[in-house]
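So the structure is just underneath, and the comments pick up after that.
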Amino acid sequence: MNEYTGQSAKYYQQSTSKHILLLPAVERHLPPVKSGRLLDVGCGTGDLFSTVTDKGYLYYGLDVSRDMLEQARVRHPQGDFREADATSFSNLYQEKFDAVMSLMVFPCMEKKEMIVESL
């Protein structure tokens, strides 16, 4: 997790495979809407922001790393970015979401119980 905090977060870039495989998959499978809300759990630097907003959604990003969120806010100042972990964020939002994404959070969780709690 050190790559997501401090100086490392300032220079963080998504892997080539995420740009080649994951982001195009989101583009293909996320349906366009006239209006909607999408929550990106584990948003990091907000890489999905443009894809999500281009499809008609308001973007809400959540991440445990304050440093990654700082980068996200600089890159996408119109996004709604909040700091919390995936197991304890439900009290942060009054909004209901039309879609929730969590692309790379579960591999970072140490215990199966954390995955179940976040879901």
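The values are calculated or read from the model by the stated rules, or taken from the named source; none is laboratory data. For clarity, every value in this text was computed on a predicted model and none was experimentally measured. All Cβ positions, glycine included, derive from the backbone under ideal geometry; neighbour counts span all protein chains shown. Only protein heavy atoms, including side chains, enter the accessible area calculation; ligands, DNA and RNA are left aside. Shrake-Rupley method; radii C 1.70, N 1.55, O 1.52, S 1.80 Å.
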Checked region 42-76 for anything among the charged types (D, E, K, R) and closer than 17 Å to TYR93 by Cα; matches are ASP63
Quick check: is even one residue across region 34-42 at pLDDT 90 or above, open to solvent by 50 Å² or more (accessible area, probe 1.4 Å) and over 22 Å from LYS96 (Cα atoms)?
no
Flagged pairs (Cβ under 6 angstrom, 6 or more apart or on separate chains; first in region 37-48, within 10 Å of PHE81 (Cβ to Cβ); second among the small types (Gly, Ala, Ser) and open to solvent by 10 Å² or more (accessible area, probe 1.4 Å)) are GLY46/GLY79
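Limited to region 62-82, what total is found for residues that are in contact with a helix residue (DSSP H, G or I) (Cβ under 6 Å, 6 or more places away or on another chain) and within 12 Å of ASP40 (Cα to Cα)? Explain how you work it out, then say what you get.
Narrowing region 62-82 to residues in contact with a helix residue (DSSP H, G or I) (Cβ under 6 Å, 6 or more places away or on another chain): 63, 65, 67-68, 76, 79, 81-82.
From what's left, within 12 Å of ASP40 (Cα to Cα): 63, 79, 81-82.
Residues meeting the conditions: 4.
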Only strands (runs of 3 or more DSSP E) wholly contained in region 28-91 count here; list those with 2 or more residues that are more than 26 Å from GLU113 (Cα to Cα).
36-41, 57-63
